[in-house]
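**Student:** Here you go, one structure.
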Amino acid sequence: MRKQTVVSLLMVSALAVFPAYGQEPIQGEESELALRDDPWTHLVVTLKGGKRVTYSRGDIVKVQYLTQRGGGDAWLGRVWRMRETAPDGRYCDGVWTRQGTTNRFAGRWTCSWGATVSDVLVVQPLSGANVVVFREGLRENYRGTLGGDGKSISGVTWGAGGKWTAKIE
């Protein structure tokens, strides 16, 4: 069974862009979502029945990822304790707290230079052991690999040489 991502779009003018479907959630294979480009320029979605629709970045006010409900998200746990480390040794320690049974987390970081940061994170469906977490405020992805224990992640951030690790509780 192939995993799918459900995307809910808040359109500038939903009826002008997509009159037949309005603001209904639409489904597409994860590989078809062109949001991983930096900066992303468009979103391509295959609708039920095979019709493909392309939205430009300017047409979309907000993209919200939601995983399909089911038993496959137990690995998310309730809290992630993580550390981001820059090449120069500076770091931020974060606590990401899951929002109910969704794939959305409220994140709060305390950094080695005294800064405190908060943001919303959206964990994408697993692809094998590959983990992708979208950070809404920065509009950037954390990429990592789920450890064999199912409770640890290590990977790279969007910055040159940035690394991150997380422990899932």
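Taken together, the values in this text are just the output of simple stated rules run on the coordinates, not laboratory data. The shown structure was predicted, so the numbers you read here are calculated from the model rather than taken from an experiment. Neighbour counts run over all protein chains shown; Cβ positions are idealised from the backbone, glycine included.
**Student:** Residue 144 is checked against (1) over 16 Å from the mean Cα position of the chain (by Cα); (2) without any contact (Cβ under 8 Å) to a residue 24 or more places away in the chain and fails just one. What number does that condition carry?
**Tutor:** If we test residue 144 against (1) over 16 Å from the mean Cα position of the chain (by Cα); (2) without any contact (Cβ under 8 Å) to a residue 24 or more places away in the chain, just (1) comes out false.
**Student:** Separate question: Which of the residues belonging to segment 115-133 are within 18 Å of residue 100 (Cβ to Cβ) and touching a residue at least 40 places away in the same chain (Cβ under 8 Å)?
**Tutor:** Within segment 115-133, 122, 123, 124, 125 qualify.
**Student:** From 150, 155, grab the single residue that is surrounded by 18 or more Cβ atoms within 10 Å (Cβ to Cβ), touching a residue at least 24 places away in the same chain (Cβ under 8 Å) and not polar (S, T, N, Q).
**Tutor:** Criteria check complete, one pass: 155.
**Student:** Taking segment 90-114 as the search range and keeping residues that are in contact (Cβ under 8 Å) with a residue 24 or more places away in the chain and in contact with a strand residue (DSSP E or B) (Cβ under 8 Å, 6 or more places away or on another chain), which one is farthest from residue 136 (Cα to Cα)?
**Tutor:** Step by step, filter segment 90-114, then rank; the result is 92.
**Student:** Does segment 77-89 hold any residues that are assigned to a loop (DSSP other than H, G, I, E, B) and either surrounded by 12 or more Cβ atoms within 10 Å (Cβ to Cβ) or touching a strand residue (DSSP E or B) at 6+ places or on another chain (Cβ under 7 Å) (or both), and which are they?
**Tutor:** 77, 78, 86
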